[in-house]
Amino acid sequence: MKFRPPGLLVLPLGFAIALAGCGDSGTESAPVMDMMMDTAAESTAAAPEPVESREAIAAVLHQHTAVMASDEFEGRAPATRGGQLTIDYLVEQFSAAGAGPGNGDSYLQQVDVVEITATIDPMLRFSGAFDASPAYKSEMVIGSRHHESPVSVADSEVVFVGYGIVAPERGWNDYADVDAAGKTVVMLVNDPGYATQNPELFNGNAMTWYGRWMYKFDEAARQGAAGVLIVHETGPAGYGWDVVENSWTGPQITLAAENGNSHLAPVEGWITLETAQALFAAAGMDYAEMKAAAAEPGFSAVALDGVRASMNVETSVRGSSSQNVIAAIPGSARPDETIIYTAHWDHLGMVADMEGDNIWNGAVDNATGTAALIALAQLHATQPAPPQRSVVFLAVTAEESGLLGSQRYAENPVYPIETTVANINMDGLNTWGRVRDIVVIGHGSSELEDYLAEVAAAQDRVIVPEPTPERGFYYRSDHFNFARAGVPALYAEGGTDSRDNGNDWGVEQSEDYVANRYHAPGDEYDPNWDLTGAAEDVLLYFEIGNRLANESTWPQWYEGNEFKQSRDASAAARR
Ligand SMILES: [Zn+2]
């Protein structure tokens, strides 16, 4: 099938206006549309020069970001009018850009979710050596992702399992000496590397997947635990108890599951450090000592003798649904091998009865990334020859509810996950112009970073590691669900070292966004943004994707990476 970009032809005015308003390279800039017409007219037309098309791509980003971040789109919450407008817009624009439906003859993938809300305060009661009922919200938060209600755990034994980690590639197993089935397991947040700052241990200061609460709950469920309690500490968690309290006490949204999530532990939650200290003391143990022991290789789980835990959770469950939007350019030679670009289209929506600005427009987060998906579709669709491998543009829903759209895709992939070559994710683009640096989140993960370094050098840019790897940002956007499924995944963002104004100014811009607009109604579109830096990022991702789409190589996770095992298990599928 040959893809053409018919829709673009009805938008020349938009291009012309936007182009007139920006651009420091004057007459040298070639609009994407002109490039396309050249390409369509004759195959001898020169391939687009990345730098020359920078302003044109910036104009495309402006155009789509302005629409999706407008008040008309109501903050793009899943399962709302604004969400539907966004889905319709994306289908229309992917088609116009020249990318066909990516899920058979449909552009959509259904994402069913359930909203689970506690109907009474959940109860946690310790008995025996520790006789206490920690208060809901101020001393503990627990809940259940099971769809059925009520869920209770009665008089379970309590075991301290250290960090709750099973990492065969590191010869580490906190469950080696314990049968956790039916018990309540208590564990520390983050990983032994952070605790010891020993770079030889779990990447030192940088958080690994094993440090995330999501991993800990999953692993405890695999071990058959009935209850899972993570001890909160602000340093290793990266946030205060208030964040735990706020994010765990409202409605909890998860993917709908045929088994009603019965594979997960019945009760999951957190306890405060003070609660943990009292619990350990009652069992005759010193919390600080046990914590230090848990960071030593060969740590063995310890029963909190004489302590029992009982829990009760009652919930109401409500279903709703949304859609991922998938567009694709089929590979001409190896269509089952795919390069997948992702960006989440959803944001936080609006509050109907609120005074003042009640719309969370999510312009940077993530209308910009979604606009970049359209720009990438346009760039790939207008190459002189179709790609040998398929190139997929996946705009996922419900990222803000816990990366659910990408989880749905990774667990029910349209294209085989074993032969998905790479994922490149975009979440919040730079709005302050061209920079010399590109920041790799989760730096040191996979060979995709070698590709990035090479194309960045061609733009006279350098890649730099993220400044706060201990905060685990690599595990907080949609590429992570691909990583978890074994697919090498790259997540980078434009840096702060402004070509025009220097690094201090760039840092100010970044900090100003985080402090004043991030996840707030003020994250609004500004026509004065300089998106040429974002356009350069788009060109980097295009170059990497285009190269991979025409190679037969399979980029690997670096040695020691926590996702390498799962990828290696399917090596036979990649010849
Ligand atoms: Zn985001």
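Worth a mention:
- Matching residues in the stretch 247-293 - criterion: being open to solvent by 10 Å² or more (accessible area, probe 1.4 Å), in contact with a Gly (Cβ under 7 Å, 6 or more places away or on another chain), hydrophobic (A, V, I, L, M, F, W, C) and within 30 Å of residue 113 (Cβ to Cβ): 248, 253, 256
- Within the stretch 344-371, the set of residues being open to solvent by 10 Å² or more (accessible area, probe 1.4 Å) and either away from the ligand (no atom under 12 Å from the Cβ) or more than 17 Å from residue 477 (Cα to Cα) (or both) comprises 350, 351, 352, 353, 354, 355, 356, 357, 358, 359, 360.
- Note on the stretch 445-473: residues that are among the acidic types (Asp, Glu) and either touching a helix residue (DSSP H, G or I) at 6+ places or on another chain (Cβ under 7 Å) or part of a strand (DSSP E or B) (or both) total 2.
- Extreme residue, nearest to residue 93 (Cα to Cα), among residues of the stretch 303-338 that are open to solvent by 40 Å² or more (accessible area, probe 1.4 Å) and among the aliphatic types (A, V, I, L, M): 333
- Residue in the stretch 58-72 that is open to solvent by 40 Å² or more (accessible area, probe 1.4 Å), modelled with pLDDT of 95 or more and within 30 Å of residue 461 (Cβ to Cβ) present: yes
- Complete set of residues in the stretch 344-392 that are of a type in the set (S, T, N, Q), touching a strand residue (DSSP E or B) at 6+ places or on another chain (Cβ under 7 Å) and closer than 22 Å to residue 76 by Cα: 358, 366, 370
- Some residue of the stretch 372-391 being crowded, with 24+ Cβ neighbours inside 10 Å, polar (S, T, N, Q) and within 16 Å of the ligand (Cβ to nearest atom): no
- Complete set of residues in the stretch 172-198 that are open to solvent by 50 Å² or more (accessible area, probe 1.4 Å) and hydrophobic (A, V, I, L, M, F, W, C): 176, 181, 195
- Total residues in the stretch 445-474, condition surrounded by 22 or more Cβ atoms within 10 Å (Cβ to Cβ) and within 16 Å of the ligand (Cβ to nearest atom): 2
- Criterion violated by residue 162 - all others in (1) assigned to a helix (DSSP H, G or I); (2) open to solvent by less than 10 Å² (accessible area, probe 1.4 Å) satisfied: (1)
- When residue 414 is tested against (1) within 15 Å of the ligand (Cβ to nearest atom); (2) touching a Gly at 6+ places or on another chain (Cβ under 7 Å); (3) closer than 25 Å to residue 330 by Cα, exactly one condition is not met: (1).
- Scanning the stretch 180-190 turns up at least one residue that is out of contact with any Asp or Glu (no Cβ under 7 Å at 6 or more places or on another chain) and under 21 Å from residue 561 (Cα atoms).
- Note on the stretch 477-508: residues that are within 15 Å of the ligand (Cβ to nearest atom), in a loop (DSSP other than H, G, I, E, B) and either out of contact with any Phe, Trp or Tyr (no Cβ under 9 Å at 6 or more places or on another chain) or modelled with pLDDT of 95 or more (or both) amount to 1.
- Test set (1) under 22 Å from residue 127 (Cα atoms); (2) in a loop (DSSP other than H, G, I, E, B) - residue 230 fails condition number: (2)
- First in the stretch 394-411 and over 16 Å from residue 487 (Cβ atoms), second anywhere and within 11 Å of the ligand (Cβ to nearest atom) and part of a helix (DSSP H, G or I), Cβ under 7 Å, 6 or more apart: 395/370
- Considered as a group, the residues in the stretch 421-444 that are in contact (Cβ under 8 Å) with a residue 60 or more places away in the chain, part of a strand (DSSP E or B) and not polar (S, T, N, Q) include one that is farthest from the ligand (Cβ to nearest atom), and that residue is 421.
The values are calculated or read from the model by the stated rules, or taken from the named source; none is laboratory data. Computed from a predicted model, the values in this text were never measured in an experiment. Using ideal geometry, Cβ is built from the backbone for each residue, glycine included, and neighbour counts are taken over all protein chains shown. Remember, those area values only see protein heavy atoms, side chains included, never the ligands or the DNA or RNA. Shrake-Rupley method; radii C 1.70, N 1.55, O 1.52, S 1.80 Å.
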